[in-house]
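Quick notes on the structure that follows.
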């Protein structure tokens with residue numbers, strides 16, 4: 001009589017693919033694919049800007065480099081997403097401490113680009129510490145605020161506010177108002193999700209408006225851009241502002257676009273492959289393509305929130321919601337600038353704009369998000385969130 005076949009052993013990769021949120025992963029891959037097409041369209045503009053009379057840059061130079069960053073980012077994303085939840089949290093908190101130290105060091109050892117000290121290193125090894133700090137900081141804040149569920153007396157809210165204020169001060173010293181808005185916005189979102197009172201929310205809104213007034217009064221570059229946005233100032237060159245150029249480019253293609261490689265207005269854009277790549281997409285592929293990209297971001301947010309509906313761990317809820325909120329805020333700011341809804345501000349479009357620091361940092365963030373939302377599909381829910389496993393017998397066939 002033949003015995004029953006032994007259960008098949010499953011590899012770590014197969015278990016990961018079985019437990020991962022494959023819909024969320026597919027949406028991220030769609031964004032990356034769109035980004036490669038967009039960078040290919042914008043690469044000739046950046047190549048012309050950086051070409052000299054002695055050296056000509058390959059028109060697809062930035063596209064080829066973006067492929068390299070995408071390959072590295074996908075490897076990092078898969079690696080981080082395979083970590084157990086506790087290890088993923090520890091990794092994020094270690095990164096938060098490490099890149100906070102580097103953020104302090106930026107004014108001292110940082111590299112100046114376009115009048116700002118935001119980078120460390122040079123050439124291909126240059127990176128922006130604040131980009132890597134963002135996802136790690138979200139997870140660290142989520143862990144701190146989740147402690148309130150166990151002990152309401154812990155002063156985690158004022159402590160988190162103090163930490164955020166220090167980070168904001170360091171960022172404004174560079175200066176980098178856009179990243180400051182993201183960090184403060186992430187803190188505010190996590191506070192609201194942690195269950196603060198409506199009175200506290202009102203105080204946050206008032207503090208935010210007060211911060212904008214202070215920026216207008218004491219941050220000259222920000223004041224100039226706000227003045228340009230509301231029509232009280234002009235560009236330093238006397239020509240159209242960056243936001244005006246972006247609006248002209250994004251509307252030049254109409255609904256369907258002028259076709260791949262057919263855009264002409266994009267050649268007047270500054271940083272067409274990074275900050276204003278959304279306008280390049282609008283010109284060459286049309287406003288319908290821009291709407292489609294917006295819907296992909298919306299789908300990512302909705303997917304994560306749906307995934308959290310039956311999650312009972314406060315830390316996981318705060319961390320996952322905070323990570324997806326960070327991506328959404330960054331996308332909203334970038335698209336808002338390109339469509340003249342916000343003043344000009346250097347901010348990449350997640351997974352679409354060119355950039356090594358941005359791509360790797362976003363991949364780490366999505367890797368953490370996938371790690372926190374991993375779930376065994378055979379774990380059934382019982383009251384109060386306890387799990388009772390129901391694991392099928394593997395036939396070996």
Fill in the blank from the handout: Reduced to Cα centres, the span from the stretch 258-333 to the stretch 15-85 in Å works out to 14 Å
Completion exercise
Working note, the stretch 52-108: Cα radius of gyration (Å, one decimal) and Dmax (Å, whole number) are 17.8, 54
Handout entry: Packing rank of 277-284, 341-348, where each peptide gets the mean count of other beta carbons within 10 Å, highest leading
Key = 277-284, 341-348
Fill in the blank from the handout: Between residue 200 and residue 295, the FRET efficiency computed from the C-beta separation at R0 = 35 Å comes out, to the nearest 0.05, as 0.60
Fill in the blank from the handout: Packing-ranked peptide list from 289-302, 191-204, 137-150, highest mean Cβ count within 10 angstrom first, is 137-150, 289-302, 191-204
Completion exercise
Contour minus Cα-Cα span, residue 244 to residue 125, at 0.36 nm per residue, comes to 39.5 nm
Practice task
In nm, give the distance between the simple-model label positions of residue 332 and residue 173, each being 7 Å from the Cα along the Cα-to-Cβ direction.
Solution key: 3.0 nm
Completion exercise
Averaged over all viewing directions, the convex hull of the alpha carbons in the stretch 49-186 casts a projected area in nm² of 10.6 nm²
Practice task
Above 21 angstrom, tally the Cα pairs of the stretch 289-361 and express them as a % of all pairs, no decimals.
Solution key: 35 percent
Handout entry: Inter-site label distance for residue 11 and residue 48 at 7 Å from Cα along Cβ, in nm
Key = 4.7 nm
Practice task
Once you have the Cα-Cα distance between residue 149 and residue 165, take 0.36 nm times their residue separation minus that, and quote the gain in nm to one decimal.
Solution key: 3.4 nm
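Each value in this text was obtained by applying a stated rule to the coordinates, not by laboratory testing. Computed from a predicted model, the values in this text were never measured in an experiment. Please note: Cβ atoms are built from the backbone with ideal geometry, for glycine as well, and neighbour counts cover all protein chains shown.
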